[in-house]
Amino acid sequence: MEPLVRAGTCHQTLLDALKAAEAAIEEATDIMFSGEDGKPVKRLKAADIEHAYLTLCGVIVQVNEAIHAGESV
């Protein structure tokens with residue numbers, strides 16, 4: 001693959017990973033700040049914790065793959 005094509009593909013992979021990371025972080029913070037008074041919630045349901053954790057774990061894989069793709073360019 002041509003170096004410029006690889007760099008362009010890597011660039012898009014990194015952008016996609018950053019967008020996924022942003023969405024996962026926003027979702028996790030929404031769970032933690034879903035109190036009606038705008039303050040952090042005092043108790044989280046186990047299902048909410050698990051959902052935020054799994055979402056963040058999923059994005060870690062995507063970010064890791066993007067980093068490795070960038071290192072190979």
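Each residue in the range 35-68 was checked for being surrounded by 12 or more Cβ atoms within 10 Å (Cβ to Cβ) and not in a helix (DSSP H, G or I), and 2 pass. Annotation: of all residues in the range 39-67 being at pLDDT 90 or above and of a type in the set (Gly, Ala, Ser), the one that is nearest to Thr9 (Cα to Cα) is Ala47.
The values are calculated or read from the model by the stated rules, or taken from the named source; none is laboratory data. Model, not experiment: these values are computed from the prediction. Positions of Cβ are backbone-derived with ideal geometry, glycine not excepted, and every protein chain shown enters the neighbour counts.
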